[in-house]
Amino acid sequence: EDPIETPNPSLAVVKTSDKTGVVKLGETITYTITVTNNGNVTINDIEVTDELTGNTGDNAFTIDRLAVGETKQFTATYTVTEDDILEGTIVNRATAIGKDPRNEEVTGDGEVRVDTEEKDSHLTVSKETTSEPENGEKYALGETINYLITVTNDGNLTLTNVKVEDALTGNVGENAFTIDILAPGEAQTFDVRYVVTENDVLEGKVINNATGTATDPTDPDEPKTP
């Protein structure tokens, strides 16, 4: 009788990412999943799942047969969300489950971590004059000046309860402009008008300031200002 090694069914799962630095909101990460039979018997009916990328159930990757030393690779993609930004790190795990020649279950898993950009809840308010003086040079008493207020979420987190006030045009308090939800990259505009008064003529100019506040998702009790 010649002794032989003991059966050692085993699966190794290695997961890598195409990103080497931090990722931003909306950026796509491409993952590579490498499954290797690093045991000494054939593994059959392997199912490879990745919860984060949605490759589960009918969308799971499959390998009918993986011989000793053989390797298979799969790719999966994932888009960075606000929850990931708030968490600061994206942890992605892939799991492989198969059967050895004795029909016993063999499993293996691997994970990779990717850091996200810093949380940045930020609101920008800009204002421009959209009208022209009747004489083409200066506004006169009683003339109307038209303004366009643009409110932009230029951060990476959704802002809520956005409130824009313009004291000069009377859009304050209950008359302030409101936006329930303003997603990252989203902007809204408002038109306002102001009639030149005698005090404005005496001053020689009209200065109009608009301000905005919003609820910061990282600190709901503290309004966010531009």
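The values are calculated or read from the model by the stated rules, or taken from the named source; none is laboratory data. From a predicted model like this one, the values you see are computed outputs, not experimental measurements. Methodologically, a virtual Cβ is constructed for each residue, glycine included, from the backbone with ideal geometry; neighbour enumeration extends over all protein chains shown. The accessibility values were calculated without ligands, DNA or RNA, using every heavy atom of the protein model including side chains. Shrake-Rupley method; radii C 1.70, N 1.55, O 1.52, S 1.80 Å.
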Open item on the list: Among the numbered criteria (1) in contact with a Leu (Cβ under 9 Å, 6 or more places away or on another chain); (2) more than 26 Å from Gly155 (Cβ to Cβ), which one does Leu25 miss?
Closed with: (2)
- [ ] Considering only residues that are without any contact (Cβ under 8 Å) to a residue 24 or more places away in the chain and in a strand (DSSP E or B), look in segment 113-157 and name the one that is least open to solvent (accessible area, probe 1.4 Å).
- [x] Thr129
TODO: Could you list, in sequence order, all residues of segment 183-203 that are among the charged types (D, E, K, R) and open to solvent by 60 Å² or more (accessible area, probe 1.4 Å)?
DONE: Glu186, Asp191, Arg193, Glu198, Glu203
- [ ] Among the residues of segment 1-58, write down those that are part of a loop (DSSP other than H, G, I, E, B), open to solvent by less than 50 Å² (accessible area, probe 1.4 Å) and closer than 16 Å to Glu105 by Cα.
- [x] Pro9, Ser10, Gly39, Asn40, Val41, Thr42
Task: Condition broken by Thr42, with the remaining ones in (1) among the hydroxyl-bearing types (Ser, Thr, Tyr); (2) more than 33 Å from the chain's Cα centre (by Cα); (3) within 30 Å of Thr218 (Cβ to Cβ) satisfied - done: (3)
- [ ] For Asn208, state whether it is part of a strand (DSSP E or B), more than 24 Å from Asp120 (Cα to Cα) and open to solvent by less than 60 Å² (accessible area, probe 1.4 Å).
- [x] no
Open item on the list: Return the pair list, or none, for Cβ contacts closer than 9 Å from residues in segment 41-70 that are within 19 Å of Asn92 (Cα to Cα) to residues that are among the basic types (Lys, Arg) and open to solvent by less than 60 Å² (accessible area, probe 1.4 Å), at least 6 apart or on different chains.
Closed with: Asp50/Lys15
TODO: Look through segment 94-112, keep the residues that are part of a strand (DSSP E or B) and of a type in the set (D, E, K, R), and return whichever of them is most open to solvent (accessible area, probe 1.4 Å).
DONE: Glu105
Task: Selection count where residues are closer than 21 Å to Lys24 by Cα and either hydroxyl-bearing (Ser, Thr, Tyr) or within 12 Å of the chain's Cα centre (by Cα) (or both), scope segment 144-159 - done: 5
TODO: Would you check if there is a residue in segment 136-152 being of a type outside the set (Ser, Thr, Tyr), at pLDDT 95 or above and closer than 30 Å to Glu87 by Cα?
DONE: yes
TODO: Look at Glu104 and say whether it is touching a Leu at 6+ places or on another chain (Cβ under 9 Å), in contact (Cβ under 8 Å) with a residue 60 or more places away in the chain, of a type in the set (Asp, Glu) and on the phi < 0 side of the Ramachandran plot.
DONE: no
- [ ] Can you work out which of the residues in segment 160-203 that are part of a loop (DSSP other than H, G, I, E, B) and of a type in the set (S, T, N, Q) is farthest from the chain's Cα centre (by Cα)?
- [x] Thr197
- [ ] Determine if segment 75-88 includes at least one residue that is touching a residue at least 40 places away in the same chain (Cβ under 8 Å) and assigned to a loop (DSSP other than H, G, I, E, B).
- [x] yes
